[in-house]
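What follows draws every value from the coordinates through simple rules; no lab data is involved. Bear in mind the structure is a predicted one, so any value in this text is a computation, not a measurement. Every residue, glycine as well, gets a Cβ built from its backbone with ideal geometry; the counts of neighbours run over all protein chains shown.
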Amino acid sequence: MFRKTAVFCLTFCAALPAAAQPISQHFDKNSDSCYQRLYSASHLASHPVQKVEAIELSHFNADSQAMPGSEMNLHFAVRLRGRSTWRTPVICRPQGNRLSCGVECDGGRFDVVARTGSSILITGGTDLYFSDCNAKPRILERAPDDKVFMLHRQPLSNCRR
């Protein structure tokens with residue numbers, strides 16, 4: 001009986017959601033971090049309605065030092081198929097085991113949760129508007145294949161400030 005219980009416990013514990021991991025291991029006001037995902041041609045071929053071919057979320061501690069409390073200023077970038085890269089600052093606040101992030105100029109929102117020790121998920125939220133507040137926005141519509149993104153930790157030199 002003990003053996004069955006131990007096997008069940010090990011299996012169950014291994015299957016616990018990674019979101020239970022603290023997001024602070026990935027993003028902390030006092031440290032730099034870089035996460036990216038470049039989707040392969042084969043992935044994009046198997047997801048023909050996915051628009052995003054590259055996505056990046058990074059934090060440089062110097063950008064957040066003047067932010068109040070635990071708020072952080074992150075850099076967010078996406079490249080849609082056949083387009084140039086769109087970049088925008090986002091303001092993120094820790095909320096439990098996730099970051100709640102908002103694109104400047106009321107450009108939408110998304111959440112960030114820990115997936116593993118070296119990867120995060122961008123999930124939830126709304127369509128995202130990339131603009132200079134006064135310009136016509138470029139819009140990432142959060143269609144089914146563009147709602148959840150897994151990004152992996154990269155060297156800081158891979159992320160652009």
Label-to-label distance, nm, for residues given as A45 and I139 (7 Å Cα→Cβ offset): 3.2
Helix axis angle, 2-14 relative to the chain longest principal axis, alpha carbon, degrees: 0
Nearest-0.05 FRET efficiency for R160 and D127, computed from C-beta distance (R0 25 Å): 0.60
Most positive-pole-ward Cα, G117, H43, L99, against dipole of the chain from beta carbon charges: H43
Correct choice for mean projected area of the Cα convex hull in nm² that was computed from the model, options (i) 9.1; (ii) 10.9; (iii) 11.9: (iii)
Potential lengthening between S24 and M67 on full extension [0.36 nm per residue; Cα-Cα distance subtracted]: 13.8 nm
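Can you give the helix-only mean residue ellipticity at 222 nm for the chain, where every DSSP H stretch with n ≥ 4 adds -39500 (n - 2.57) and the sum goes over all residues, rounded to the nearest 500 deg cm²/dmol? The partial results should precede the final answer.
Numbers: 2 runs with 19 residues, N = 161.
Only helices count here, giving -3500 deg cm²/dmol.
About the Cα centre of the chain, what is the dipole size in debye to 20, counting +1 per Lys and Arg Cβ and -1 per Asp and Glu Cβ, all else neutral?
Values: 20 positive and 14 negative charges, 92 e Å.
With Lys and Arg at +1 and Asp and Glu at -1, about 440 debye.
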Highest average packing first - 139-150, 46-57, Cβ atoms within 10 Å: 46-57, 139-150
